[in-house]
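The values are calculated or read from the model by the stated rules, or taken from the named source; none is laboratory data. Values in this document were obtained by computation on a predicted structure and should not be read as measured data. Cβ sites come from the backbone with ideal geometry, for glycine too, and all protein chains shown count toward neighbours. Note: accessible area is taken over every heavy atom of the protein model, side chains too, but ligands, DNA and RNA are not part of it. Shrake-Rupley method; radii C 1.70, N 1.55, O 1.52, S 1.80 Å.
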Amino acid sequence: MRRIERSVIFNKNIYQWWDIETVYKPIHNSAGMTDDEMFADVEPFRIKMVEPIKIPSSEERERSLKEAGLNVFLVKGENIFIDLLTDSGTGAMSDRQWAGLMMGDETYAGSRNFYNLESAVADILGFEYVLPCHQGRGAENVLHTALIKDGDVVPGNTHFDTTKAHIEHKKGKAIDCTIDEAADPYIDLPFKGNVDLNKLEAVYKEYGKEHIPFTVITATCNSGGGQPVSMENMRAVYKLSQKYGILVCLDGARFAENCYFIKKREPGMEKYSIKEIAKLQADCFDLMTMSAKKDAIVNIGGFVATRHAEIYDKIKNFGILFEGFVTYGGLAGRDLEAMAIGLYEGVDQDYLAYRIGHVRYLGEQLKEQGIPVLWPPGGHAIYLDMKKFLPHIPPEQFPGMAFCAYLYLESGVRGVEIGTLLNGRDPETGLNRPAKLELVRLTIPRRVYTHRHLDFVVKAVMKVWEKKDQIKGFELSYESPVLRHFTAQFKWVE
Ligand code: F0G
């Protein structure tokens, strides 16, 4: 009896297997979506804990904005409904990262968590030396203090604002060598963050290695619309720089998102895993500054990493001076652990497919409604083109800020201006530097908002779109000398 039962089960298994091969597979293979398409932007996580958000009433929104001098940056977080100000430090950590926090070793020097971080960086990026810092700009400060001297230039592909500000603070100058096409918000190119090699070589010839401490490539390029840089371009920059004896630094805040674009868009790269691409990408650099608040999905953290012992020796003393001892760099042991775990989660392919697809979803919905959106969508944000949205407001009246104010008033959604306000004033003439692209960035935090939240954002932008002709520009009523966008205050222009 028992033997018969077993044989029935055995046969059943055979039939099931047989059915999969003969019945299911041919249908599955005949047509329809591939797995890649099926799972393109679905959340590869489920929600274990929620944080309620209050919906601020229209009176509360009006009061908050007035108190903030019309600058949404100064509105209190509790008065925001959906916060698309930044993807920096705003991500949701995983259960494993939270578990990692409990494993913090708070030894002043030589914490176990530092060695876990060091091994994660070596494993994923191949850099042997790691100096933790409290965040990306801490890493920039340490590196730039060690390497930049008065009168130096630092070429790159549209430096991020803190990078540029740190270079200028060390009396250096940032020179933008991005490809010209990046200035056209609508050319649909796969790698709009690329460096123009002719522009770069011209800078190398003019200044020479004595005045160029390093070149910096930001990948993806935040200030250029979250656009990726190709592997081919990074390899070419590295080769050229080696020829001129110049170091190349990766601003790797969003290095993993860049790898995903490379895998999906660059011929010949699809066969590599994201982790392999991350290593190949890092091979094009001598060093790296990292804001771990982005692609390492932590709320605070960063580092400088390098493959050269001499560079590490130069920077480590400034690390100790500005950030703390070389094995903690302004962070708790638990933060280092969450960062080490987050680096692995950031290069997970299913996560990245969701991440890039989620952002793209917002871009596609807005584009379908006729909203002028920078194209193709960036890795971490959707950028709205204010030159088309509010053509009647000139750059010196900050159309992006006016838009953000309206968006907030109508919906409680917070975006951020990436335009003339952010660009600041020319240090020589003192005049506003009108931005090449006048943008508003709707930045998506990692693993935080659902697709339904993004549908609400579309509805909110449409509400502003309907009233766009009546929207008035801004006039500054307070402005600080550095990084003015954080604290500026405004009046409406009559
Ligand atoms: N580099 C890039 C490309 C960045 O986007 C940022 C920060 C930094 C460096 C500085 O890092 O904030 O950790 O000190 N970007 C944030 C943003 C602020 O909203 O885009 P940090």
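In the chain, a dipole from Cβ-located charges (positive for Lys and Arg, negative for Asp and Glu) runs towards its positive end, and of Thr158, Asn423, Ser411 it is Ser411 whose Cα lies farthest in that direction. The convex hull drawn around the Cα atoms of the range 296-393, when projected onto a plane and averaged over every direction, covers 10.0 nm². Equivalent-ellipsoid semi-axes for the range 95-346 (Cα gyration tensor, √(5λ), whole Å, largest first): 28, 22, 15.
Shape summary: the range 346-472 maps onto an equivalent ellipsoid whose semi-axes, from the alpha-carbon gyration tensor, are 26, 18, 12 Å in decreasing order. Taking only alpha carbon atoms, the range 213-289 gives an Rg to Rh ratio of 0.95, where Rh is the Kirkwood radius.
Here's the picture: charge each Lys and Arg Cβ at +1 and each Asp and Glu Cβ at -1 in the chain, and of Ile124, Tyr272, Thr450 the one pushed furthest to the positive end of that dipole is Thr450.
Heavy atoms only, probe 1.4 angstrom, no DNA, RNA or ligands counted: give me Trp492, Trp465, Trp98 ranked by accessible area, highest first.
On the way: Trp492 95, Trp465 55, Trp98 145 Å².
Correct descending sequence by accessible area is Trp98, Trp492, Trp465.
Backbone geometry of the range 181-192 corresponds, through the Karplus equation with coefficients 6.51, -1.76 and 1.60 at θ = phi - 60°, to 3J(HN,Hα) couplings of 4, 4, 6, 8, x, 10, 6, 8, 10, x, 10, 7 Hz, x marking Gly and Pro.
Under 21 Å Cα-Cα from Lys491, which lysines qualify once same-chain neighbours fewer than 8 residues away are excluded? Once the sequence-local lysines are set aside, what remains near Lys491 is Lys66, Lys76, Lys387, Lys467, Lys468, Lys472. With helices as the sole contributors, the chain gives -13000 deg cm²/dmol at 222 nm; each DSSP H run of n ≥ 4 counts as -39500 (n - 2.57), and the sum is divided by every residue. Among Tyr361, Tyr478, the order of accessible area from largest down is Tyr478, Tyr361, computed with a 1.4 Å probe on protein heavy atoms. The orientation-averaged projected area of the convex hull spanned by the Cα atoms of the range 59-102 comes to 4.1 nm².
Listed values for the range 475-491 are Karplus-derived 3J(HN,Hα) couplings in whole Hz (6.51 cos²θ - 1.76 cosθ + 1.60, θ = phi - 60°), namely 10, 5, 10, 8, 8, 8, x, 10, 6, 5, 4, 5, 10, 4, 10, 9, 10, and x replaces Gly and Pro.
Considering only Gly225, Ile212, Leu240, and ranking their Cα positions along the charge dipole of the range 126-244 that arises from unit charges at the beta-carbon of Lys, Arg, Asp and Glu, the one farthest toward the positive end is Ile212.
The packing ranking of peptides 321-332, 130-141, highest mean first, is 130-141, 321-332, where packing means the average number of other beta carbon atoms within 10 angstrom of each residue. For the range 84-124, the alpha carbon positions stretch 37, 23, 19 Å along the principal axes, listed from largest to smallest. For the range 131-145, 3J(HN,Hα) computed residue by residue from phi via the Karplus equation (6.51, -1.76, 1.60; θ = phi - 60°) reads 10, x, 9, 5, 6, x, 6, x, 5, 5, 4, 4, 5, 5, 4 Hz, glycine and proline entered as x. Which log10 I(q)/I(0) values, to two decimals, does the range 89-206 give at q = 0.12, 0.16, 0.22 Å⁻¹ under the Debye formula with one point per Cα? Debye intensities relative to I(0), on a log10 scale: -0.69, -1.01, -1.23. For the range 170-259, the equivalent ellipsoid derived from the alpha-carbon gyration tensor has semi-axes of 22, 14, 13 Å in decreasing order.
Can you give the charge dipole size of the range 231-358 about its Cα centre, rounded to the nearest 20 debye, using +1 on the beta carbon of Lys and Arg and -1 on the beta carbon of Asp and Glu? Spell out each step's value before the answer.
Values: 17 positive and 17 negative charges, 59 e Å.
Around 280 debye, computed over the range 231-358.
Shape analysis of the chain yields a ratio of the Cα radius of gyration to the Kirkwood radius, Rg/Rh, of 1.01.
Counting only Cβ charges, +1 for Lys and Arg and -1 for Asp and Glu, the dipole size of the chain around its Cα centre is about 540 debye.
Check the straight Cα-Cα distances from Lys314 and name the lysines below 28 Å, setting aside those fewer than 8 residues away within the same chain. Cross-link targets: Lys149, Lys164, Lys170, Lys171, Lys173, Lys205, Lys209, Lys239, Lys243, Lys279, Lys293, Lys294. Of all DSSP beta bridges confined to the chain, the antiparallel ones make up roughly 65%.
Between Ile187 and Thr487, the simple spin-label model (points 7 angstrom out along Cα→Cβ) gives 3.9 nm. Ignoring aspartates and glutamates fewer than eight residues from Lys459 along the same chain, the ones with Cα atoms less than 12 angstrom from its Cα are Glu410.
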